[in-house]
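To start, I am sharing the structure in question, which I have written as structure tokens.
The values are calculated or read from the model by the stated rules, or taken from the named source; none is laboratory data. Remember, predicted model here, so these are calculated numbers, not experimental data. For neighbour counting, all protein chains shown are included, and Cβ atoms are generated from backbone atoms with ideal geometry for every residue, glycine included. Areas reflect the complete protein model, heavy atoms only, side chains present, ligands, DNA and RNA absent. Shrake-Rupley method; radii C 1.70, N 1.55, O 1.52, S 1.80 Å.
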Amino acid sequence: MSIAIVILCAISAILALTMLFARSPITSAICLLGVLIMTAGIYGLIGEHMIATIQLVVYAGAIMVLFIF
């Protein structure tokens, strides 16, 4: 297992916990965006580039814009 995957997983877990315990919805949305970006990074590292691209475009792009506005 690559050290980069472990680091991305740890950052993703920290961001997920921060998202759960944040008081502001904007802070939660930004942490969710970080989790989605970390997940796309993990997909990219394991060689699933199409899924990583879809993850970024659909979830991090479209859904987060709808959530914030």
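Give me a count of the residues in region 1-14 that are open to solvent by 60 Å² or more (accessible area, probe 1.4 Å) and touching a helix residue (DSSP H, G or I) at 6+ places or on another chain (Cβ under 6 Å). Quick ask: steps written out before the conclusion?
The first filter runs over region 1-14 and keeps only residues open to solvent by 60 Å² or more (accessible area, probe 1.4 Å), leaving 1, 3, 6-7, 9, 11, 14.
When the remaining residues are screened for being touching a helix residue (DSSP H, G or I) at 6+ places or on another chain (Cβ under 6 Å), the result is 11.
So the answer is 1.
I need a count of the residues in region 50-62 that are more than 19 Å from Ala4 (Cα to Cα), open to solvent by 70 Å² or more (accessible area, probe 1.4 Å) and of a type in the set (Val, Ile, Thr).
2
Which condition number does Gly47 fail, the rest of (1) assigned to a helix (DSSP H, G or I); (2) surrounded by fewer than 17 Cβ atoms within 10 Å (Cβ to Cβ) being met?
(1)
A further question follows. Looking at region 20-30, which of the residues that are open to solvent by 30 Å² or more (accessible area, probe 1.4 Å) and part of a helix (DSSP H, G or I) is farthest from Gln55 (Cα to Cα)?
Phe21
Could I ask something else about it? Let me confirm something: among Leu17, Leu33, which residue is at pLDDT 95 or above, farther than 20 Å from Ser2 by Cβ and open to solvent by 40 Å² or more (accessible area, probe 1.4 Å)? Before you say what the answer is, go through the steps one by one.
On the way: Leu33 fails: at pLDDT 95 or above.
Unique residue meeting the criteria: Leu17.
While we're looking at this one, here's another question. What are the pairs with Cβ atoms under 7 angstrom where one residue, in region 1-13, is more than 14 Å from Leu45 (Cα to Cα) and the other, located anywhere, is in a helix (DSSP H, G or I) and open to solvent by 60 Å² or more (accessible area, probe 1.4 Å)? Sequence gap at least six, or different chains.
none
How many residues does region 1-19 contain that are in a helix (DSSP H, G or I), hydroxyl-bearing (Ser, Thr, Tyr) and farther than 10 Å from Met38 by Cβ?
Of all residues in region 1-19, those in a helix (DSSP H, G or I) come to 3-19.
When the remaining residues are screened for being hydroxyl-bearing (Ser, Thr, Tyr), the result is 12, 18.
Among the residues that remain, those that are also farther than 10 Å from Met38 by Cβ are: 18.
Number of matching residues: 1.
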